[in-house]
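Below: one structure, written as structure tokens.
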Amino acid sequence: MRIALAEAQAAADRGETPVGAVILDPATGVVIARAANGPIGTSDPTAHAEILALRAAGAALGNYRLTGLTLVVTLEPCAMCAGAISHARIGRLLFGAPDAKGGAVIHGPRFFDQSTCHWRPEVEGGLLADESAALLRGFFRARRRPRV
């Protein structure tokens with residue numbers, strides 16, 4: 001999660017919503033991919049940290065199936081990202097801060113609980129949640145301050 005938090009900070013430094021993601025092989029501990037949010041800089045609404053990390057891991061392994069790998073992300077994934085996680089067959093999802101407004105794992109549509117979901121990773125939330133949430137709160141607080 002520390003690597004994901006560093007990616008989130010890098011996103012914030014570029015003016016992107018501070019979300020970071022890491023994909024690792026739990027058997028070896030090797031980090032296969034890491035990414036930060038990038039929709040603004042790439043002009044791509046799908047460039048969420050999770051999607052970018054999934055793309056990078058697939059390219060690194062030469063396979064779109066990422067079965068058995070762990071995705072660590074600083075914020076509860078949205079519906080788009082949850083769908084991609086399912087299609088990639090990620091084995092385990094660890095996330096930091098819950099997202100009552102846009103999350104789709106333990107909030108909103110609870111994507112992995114739907115009968116139409118073909119693959120369900122093991123899910124654990126709350127990993128360094130306070131740090132992840134503080135980074136997000138600080139980012140948005142600074143953006144709302146009146147500029148003098």
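Listing for the model above:
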read-out	value
Accessible area (Å², per residue) of the chain, counting only protein heavy atoms and a probe of 1.4 Å	52 Å²
Probe 1.4 Å, all protein chains present, accessible-area order of 139, 111, largest first	111, 139
Accessible surface of the chain [probe 1.4 Å, protein heavy atoms]: carbon and sulfur percent	55 percent
Value of [θ]222 nm, deg cm²/dmol, for the chain, DSSP H segments ≥ 4, -39500 (n - 2.57) each, nearest 500	-11000 deg cm²/dmol
Centroid-to-centroid separation of the range 88-131 and the range 1-54 [C-alpha atoms, Å]	16 Å
The chain - share of DSSP beta bridges that are antiparallel (%, nearest 5)	55 percent
Chain lengthening between residue 133 and residue 3 when straightened (0.36 nm per residue, less Cα-Cα)	45.2 nm
Surface accessible to a 1.4 Å probe, residue 105 within the full protein complex, Å²	10 Å²
Trypsin sites (Lys or Arg not before Pro) restricted to DSSP loop in the range 96-148 with at most 12 other C-beta within 10 Å	101, 147
Rg/Rg_globular for the range 75-128, with Rg_globular taken as 2.2 N^0.38 Å and Rg from C-alpha atoms	1.00
Additional length obtainable on full extension of the chain from residue 31 to residue 79, 0.36 nm per residue less Cα span	14.8 nm
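The values are calculated or read from the model by the stated rules, or taken from the named source; none is laboratory data. Just so we're clear, the structure is a prediction, and the values are computed from it rather than from any experiment. Cβ: placed from backbone, ideal geometry, glycine included. Neighbour counts: every protein chain shown. These accessible areas exclude ligands, DNA and RNA; they are computed on the full protein's heavy atoms, side chains included. Shrake-Rupley method; radii C 1.70, N 1.55, O 1.52, S 1.80 Å.
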